[in-house]
Every structure is written in C-alpha cells, then in structure tokens.
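First the structure, in the form of structure tokens, and then the observations on it.
Readers should treat all values here as calculations from the given coordinates under stated rules, not as data from a laboratory. Quick caveat: nothing in here was measured; it's all calculated off a predicted structure. No Cβ is skipped: glycine too gets one built from the backbone with ideal geometry, and neighbour counts run over all protein chains shown.
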C-alpha cells in the first residue's frame, strides 16, 4: 500500500506486491515472481508472470454475504490468455460489515 515500488529488480518466490483499493475492493498485484512449476503435476509459470487478486464482498442467493476473491494469472510465455478463478467463502451472517484497518509492514527481527 502507499505506492511503494520494488526495492530491486530481483525475482523471488513471493515476488513484489502492490496493493490498492478500487471502490470497496482490495486489489493486490504481484510481479517479479520466479519462474517455476506451481504444483506437483506441472503448471509452469515464467519470470514474466503476474498475478492479480481482488477481494471484496458479494451477496449470493444461496450463501448470503460472502468474501469473494478473484485471481487472474497472466503469463505471456506460457498462457495464450489470462487464467482466472473465483473463490467465495461464507464468513459471517448477511449483516456483517467490513471495517477499515491500517496495513503496515512488520518490523524486522531485533527492532
């Protein structure tokens, strides 16, 4: 959050994350991921892959209020189009309200 850019051009296991709010949704974009297999059966991703996660509240007829996450993977080297999945989790009753919170990086050990 806060518009911080990557500290280096190095690719890592977890990459570089940039978060922002778009309306009521939290959007997290991840880049600078190491290219590798993502599972035991394969699913290779390249160093060019990016991942966008969008979290928000949705109302469904069967579950009521749910936390909904949409994940989009882009990889111009291995995918011909973005790959997308949506995940919904029923965490609370329909009257649940999201509250604002300040996200901060944890202090390094010893600080």
Qualifying residues in segment 21-38 (those that are under 16 Å from residue 5 (Cα atoms) and more than 11 Å from the chain's Cα centre (by Cα)) - the one surrounded by the fewest Cβ atoms within 10 Å (Cβ to Cβ): 32
Looking at 60, 50, which is the one that is closer than 26 Å to residue 101 by Cβ and surrounded by 15 or more Cβ atoms within 10 Å (Cβ to Cβ)? 50
So, residue 11, is that one closer than 24 Å to residue 102 by Cβ and surrounded by 14 or more Cβ atoms within 10 Å (Cβ to Cβ) or not? no
In segment 45-59, is there at least one residue being in a loop (DSSP other than H, G, I, E, B), farther than 18 Å from residue 16 by Cα and out of contact with any helix residue (DSSP H, G or I) (no Cβ under 7 Å at 6 or more places or on another chain)? no
